[in-house]
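Since the structure comes first, as structure tokens, the remarks are kept for the end.
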Amino acid sequence: MAKARFNTNVHIPEPRLSQYLFADAWLSPLWLVLRVYVGYLWLSAGWEKLTNPAGVWVGSKAGVAVTGFLSGALKKTTGDHPDVSGWYAWFIQNVALPNATLFSYLVTLGEIAVGIALILGFLTGIAAFFAGLMNAAYLLAGTVSTNPWMFIVATWLVLAWRTAGYIGLDYFLLPKLGVLFNRKSPSS
């Protein structure tokens, strides 16, 4: 059987608009504002879960809020146009609900970690990916709220990973990891 071979020497140029929006340091102030704001929202949500006396983290109450949220999502699986699809309802019922305590810890720590990483500009593209993943989970569970626009911003931050953390720790970290990105400063 012949192996498929790909020419790895072919360079496909990035479209100029895409390069300007997602790879040019000139837009790093815009990405800074978006990522800090979304990071603040995530950090606030996680912090509320961590410190609320009736919340996610307190001993025997851990998992109660998640169980309530997921049980509410299961109620949205009926009717002509259900808010929660069947496959996700199966996941909720067979994976998430039996492990509600674990999920309460994961959600709380995930929201705090993503918030801090976005605020600091630390591995911004990876943090934004996990922010989008959490937003998608909430949307699949039938919760709208701020999740659609937060998902959109997270997607943009993933696309702009090269410069979204330019004014942040990624400026120092990414070159050490061997990532090259456009270091044209706005003053040049």
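The values are calculated or read from the model by the stated rules, or taken from the named source; none is laboratory data. As the structure is a prediction and not an experimental result, all values here were calculated from the model. Note that we place each Cβ from the backbone using ideal geometry, even for glycine, and neighbour counts take in every protein chain shown.
Some notes on this structure:
- Verdict on residue 173 being of a type outside the set (Ser, Thr, Tyr), part of a helix (DSSP H, G or I), surrounded by fewer than 23 Cβ atoms within 10 Å (Cβ to Cβ) and without any contact (Cβ under 8 Å) to a residue 12 or more places away in the chain: no
Table: residues versus (1) under 22 Å from residue 50 (Cα atoms); (2) part of a helix (DSSP H, G or I); (3) touching a helix residue (DSSP H, G or I) at 6+ places or on another chain (Cβ under 6 Å); (4) not basic (Lys, Arg).
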{"residue": "83", "(1), (2), (3), (4)": "no, no, yes, yes"}
{"residue": "92", "(1), (2), (3), (4)": "no, yes, yes, yes"}
{"residue": "97", "(1), (2), (3), (4)": "yes, yes, yes, yes"}
{"residue": "100", "(1), (2), (3), (4)": "yes, yes, yes, yes"}
{"residue": "130", "(1), (2), (3), (4)": "yes, yes, yes, yes"}
{"residue": "143", "(1), (2), (3), (4)": "yes, no, no, yes"}
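- Of the criteria (1) within 26 Å of residue 84 (Cβ to Cβ); (2) among the hydroxyl-bearing types (Ser, Thr, Tyr); (3) under 14 Å from the mean Cα position of the chain (by Cα), which one residue 124 fails: (1)
- From the list 123, 97, the one residue that fits, being at positive phi and surrounded by 15 or more Cβ atoms within 10 Å (Cβ to Cβ), is 123.
- Matching residues, segment 75-85, being within 24 Å of the chain's Cα centre (by Cα), surrounded by fewer than 18 Cβ atoms within 10 Å (Cβ to Cβ) and of a type outside the set (D, E, K, R): 85
- Test: residue in segment 129-147 that is aromatic (Phe, Trp, Tyr), without any contact (Cβ under 8 Å) to a residue 40 or more places away in the chain and over 30 Å from residue 71 (Cα atoms): no
- Residue 56 passes every criterion in (1) modelled with pLDDT of 85 or more; (2) surrounded by 13 or more Cβ atoms within 10 Å (Cβ to Cβ) apart from (1).
- Across segment 41-48, not a single residue is classified as modelled with pLDDT under 95, surrounded by fewer than 17 Cβ atoms within 10 Å (Cβ to Cβ), assigned to a loop (DSSP other than H, G, I, E, B) and charged (D, E, K, R).
- If the condition is being more than 16 Å from the chain's Cα centre (by Cα), of a type in the set (Lys, Arg) and modelled with pLDDT of 85 or more, then segment 1-40 contributes only 16.
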